[in-house]
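The structure appears right after this line, and notes come after that.
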Amino acid sequence: MFRRMKEDMDVVFEQDPAARSYIEVFLTYSGLHAIWSHRIAHFFFKRRLFFIARAISQLSRFFTGIEIHPGATIGRRLFIDHGMGVVVGETSEIGDNVTLFQGVTLGGTGKEKGKRHPTVKDNAMVTTGARVLGNITIGYSSKVGAGSIVLKDVPDYSTVVGVPGRIVVRNGEKVKKNLDHQKLPDPVADRCEHLQEEIDALKEEIAKLKEVKQNGNHDL
């Protein structure tokens, strides 16, 4: 147990340049406290002592501002930076060496049963204010940009930004704009493009009407 706790604190020193001493990290890092509390709550949850598990998780939420459902599965060396507002749903699965920033939500999309929360694979990073919703997977070593809303699977070694989330980097290379839209649906962009086409058509028709009027031809 003490080895795991030291491992958790070592991650803080690796990720946060503001960390100065073990005693400071041990006493003041809310992300660390939330992870430790979750391990206790998860222990009771697996033994079907649900009330005790939820009570521990809610107490942790009160003191840390981080809500992790006791049913969530979390790997080793998770780092929660600052952490205020982080929410992790019941069926979420988080791999090893994952980083979550403040305001991140790993949530569901409705009242469906079973696996309804995201899976975040090893070495992934979900940054400030991002929402990852539903039974989807954030791939190995992938990154989710700040404020993004992700509703589809993200491949390994990819970077996703925007609302809805759009892959902009894959395997270290920028994704071309003409990438198959069926794989990356963006209804907002599609609607904007359609409206722009209609505006262009109307402008062209108005220009033709003006030309006819100037030529004195009123036979429309």
* Asked: Just checking, which of 66, 52, 40 is β-branched (Val, Ile, Thr) and buried (at least 20 other Cβ atoms within 10 Å of the Cβ)?
  -> 66
* Candidate set from the stretch 94-109 (those that are under 11 Å from residue 68 (Cα atoms) and of a type outside the set (Ser, Thr, Tyr)); member that is surrounded by the most Cβ atoms within 10 Å (Cβ to Cβ) -> 106
* Structure fact -> Looking across the stretch 1-56 at residues that are of a type in the set (Gly, Ala, Ser) and part of a helix (DSSP H, G or I), the single one that is nearest to residue 68 (Cα to Cα) is 34
* **Residue in the stretch 123-157 that is farthest from residue 108 (Cα to Cα), counting only those that are touching a Pro at 6+ places or on another chain (Cβ under 6 Å) and surrounded by fewer than 19 Cβ atoms within 10 Å (Cβ to Cβ)** => 149
* **Residue check for residue 114: crowded, with 20+ Cβ neighbours inside 10 Å, at pLDDT below 90 and either within 16 Å of residue 37 (Cβ to Cβ) or of a type in the set (Gly, Ala, Ser) (or both)** => no
* If you scan the stretch 1-17, which residues turn out to be touching a helix residue (DSSP H, G or I) at 6+ places or on another chain (Cβ under 7 Å) and charged (D, E, K, R)? -> 8
* Residues of the stretch 126-174 being in a loop (DSSP other than H, G, I, E, B) and of a type in the set (Val, Ile, Thr), which ones? -> 127, 128, 136, 163
* Report yes if residue 75 is surrounded by 15 or more Cβ atoms within 10 Å (Cβ to Cβ) and either under 18 Å from the mean Cα position of the chain (by Cα) or in the same structural domain as residue 131 (by TED's automatic domain parsing) (or both), otherwise no. => no
* Can you tell me which of 131, 166, 170 is among the charged types (D, E, K, R), in the same structural domain as residue 86 (by TED's automatic domain parsing) and at pLDDT 90 or above? -> 131
* Any chance the stretch 83-91 includes a residue that's at pLDDT below 95, touching a helix residue (DSSP H, G or I) at 6+ places or on another chain (Cβ under 6 Å), surrounded by 16 or more Cβ atoms within 10 Å (Cβ to Cβ) and not β-branched (Val, Ile, Thr)? -> yes
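The values are calculated or read from the model by the stated rules, or taken from the named source; none is laboratory data. Here the structure is a predicted model, which is why all the values come from computation and not from measurement. Positions of Cβ are backbone-derived with ideal geometry, glycine not excepted, and every protein chain shown enters the neighbour counts.
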